[in-house]
1. Out of the stretch 1-17, which residues are of a type in the set (Val, Ile, Thr) and without any contact (Cβ under 8 Å) to a residue 40 or more places away in the chain?
2. From the set of residues in the stretch 1-29 that are at pLDDT below 90 and closer than 20 Å to Arg72 by Cα, which is farthest from the chain's Cα centre (by Cα)?
3. On the basis of being at pLDDT below 90, assigned to a helix (DSSP H, G or I) and on the phi < 0 side of the Ramachandran plot, does Arg48 make the cut?
4. Need the failing condition index for Arg23 against (1) touching a strand residue (DSSP E or B) at 6+ places or on another chain (Cβ under 8 Å); (2) loosely packed, with under 12 Cβ neighbours inside 10 Å, just the number.
5. Quick check, is Asp17 acidic (Asp, Glu) and assigned to a loop (DSSP other than H, G, I, E, B)?
Amino acid sequence: MIKIIEELERVQKPPYDEPKHIRVIVQMSKEEPPEEAIMHEDQVKLLRTLERLQTTANIYPDSMNEIWKQIRAYARSEYSVGFEAGLEIDNEEEKS
């Protein structure tokens with residue numbers, strides 16, 4: 001599971017009008033060195049929550065990785081639904 005080592009600063013990225021992203025130092029796994037990344041504030045909050053859950057509930061790393069994979073799969077499917085809905089709106093606007 002991705003571990004957030006440090007939050008560095010808030011960052012503004014489109015399409016948001018205000019800073020909704022955070023530049024962080026993360027460690028992808030114990031074998032990899034820490035690296036810098038930019039994540040949406042909701043992703044940072046989710047990772048912090050999952051880290052607390054893993055610690056307090058004593059969830060094994062393999063189980064936590066499986067939970068994280070399922071969350072990412074769900075996020076991708078929801079993104080696809082939203083993207084397709086956006087394309088439909090664009091097509092309807094072009095027709096009118």
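The values are calculated or read from the model by the stated rules, or taken from the named source; none is laboratory data. All values derive from a computational prediction rather than experimental measurement. Quick reminder, even Gly has a Cβ in these numbers, built from the backbone with ideal geometry, and neighbours come from all protein chains shown.
1. Going through the stretch 1-17, the residues of a type in the set (Val, Ile, Thr) turn out to be 2, 4-5, 11.
Hits for the stretch 1-17 are Ile5, Val11.
2. Ser29
3. Working: at pLDDT below 90: no; assigned to a helix (DSSP H, G or I): yes; on the phi < 0 side of the Ramachandran plot: yes.
No, not satisfied.
4. Failing condition for Arg23: (2).
5. yes
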